[in-house]
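Rule-based calculations on the coordinates, nothing more; no lab input. Every value quoted in this text rests on a predicted model; they were computed, and no experiment measured them. Ideal geometry is used to build each Cβ from the backbone, glycine not excepted, and the neighbour counts take in all protein chains shown.
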Amino acid sequence: MKIIVCVKQVPASSNVDVDPVTGVLKRDGTNVKLNPYDLFALEMAFRLKEDMGGCITALSMGPSSALSSLLETVYMGADKGVLLSDRVFAGSDVQATSYALKCGVNKIGSYDLIICGKQTTDGDTAQVGPELAEQLGIEHASNVISVDSIDGEYITVTLNLDDVYQTQKMKLPCLLTIEKDACTPRLPSFRRKLAAPPDCIQVYTADQLEDIDRSKCGLKGSPTQVERIFPPDSDTKQIIFEGDAETLSKELYSILTSEKIV
């Protein structure tokens, strides 16, 4: 089975700089990590490979610093990684990102299954996976909690839709986005790190992707753009009351009512 897992490098904390002109995050390669939700997508792919055999390719779009995250996927169990890195892709919204990833998938070639994390911790849209499926013209299922069976040309999965679980059968190839409770991700292996070949990660620029339309990439190809990003105001103010239980309860009730919480 040929599996492609889409991953992304994200800021490791909420203290990030924003370009005041474009409104996009500044990604300088420091204080970054592999998107936590993608770890569950990778683990699901590893388990499918262990059961059925095949090859896993991790696909990402980003600056050259994203190489470290792709190498981490190899140390965890991916066979190889592909990075789409070009200034043309900078500032991409969901639509432009999914289009670039579609071009990356076409560059990789044939596949049976594409797996994505449910969402990213920087964008939080949970839309790239489904939009990539639409770009490729394949079926997709979101919020997948388990892969129940793969029988010939079909795959059966269970979806967690908050108040109900739904079983869905789809024809391969298709795309899945994985819930965080689907599995427990494994750690990178030092043995796999030592065994990883030097050419396990391939980097492609926009010019190396066949039939790419640059007008659909980056800020130019993004119908939505961020107007303003700012960190939430933090308030560490403290109020300390002293007294017996009756006095403290009255003070607390007074505060809750004045703030219209109760």
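Before moving on, here are some points about what is shown:
- Projecting the Cα atoms of Leu161, Leu59, Gln202 onto the charge dipole of the range 2-216 (Cβ charges, centred on the Cα centre) puts Gln202 farthest toward the positive pole.
- Taking amide hydrogens as placed 1.01 Å from N in the peptide plane, the amide H of Gln202 sits under 5 Å from those of Gly81, Val82, Leu83, each at least 5 positions away in sequence or on another chain.
- Calculated FRET efficiency for the pair Thr247/Tyr154, C-beta based, R₀ 51 Å, to 0.05: 0.15
- Here the dipole of the range 131-237 is about 560 debye; that uses its Cα centre as origin and unit charges on the Cβ of Lys and Arg (positive) and Asp and Glu (negative).
- Annotation: aspartates and glutamates with alpha-carbon distance below 15 angstrom to Lys220 (same-chain offsets under eight excluded): Asp86, Asp93.
- Beta bridges per DSSP with both ends in the range 126-201, % antiparallel, nearest 5: 75 percent
- Length-normalised contact order for the range 2-216 - Cα pairs under 8 Å, 6+ apart - percent: 25 percent
- Annotation: lysines with alpha-carbon distance below 23 angstrom to Lys49 (same-chain offsets under eight excluded): Lys2, Lys8, Lys80, Lys102, Lys107, Lys118, Lys169, Lys171, Lys180, Lys193.
- Each peptide in 237-247, 47-57, 67-77 gets a packing score, the mean of other Cβ atoms within 10 Å over its residues, and the list from highest to lowest is 67-77, 47-57, 237-247.
- Dipole magnitude for the chain: about 900 debye, using +1 per Lys or Arg Cβ and -1 per Asp or Glu Cβ, origin at the Cα centre.
- Taking 23 Å as the straight-line reach from the Cα of Lys250, the lysines in range (excluding those fewer than 8 positions away in the same chain) are Lys237, Lys260.
- Kirkwood Rh and Cα Rg combined as Rg/Rh, the range 93-224: 1.00
- For q = 0.18 Å⁻¹, Debye-computed log10 I/I(0) when each Cα of the range 2-216 counts as one equal scatterer: -1.39
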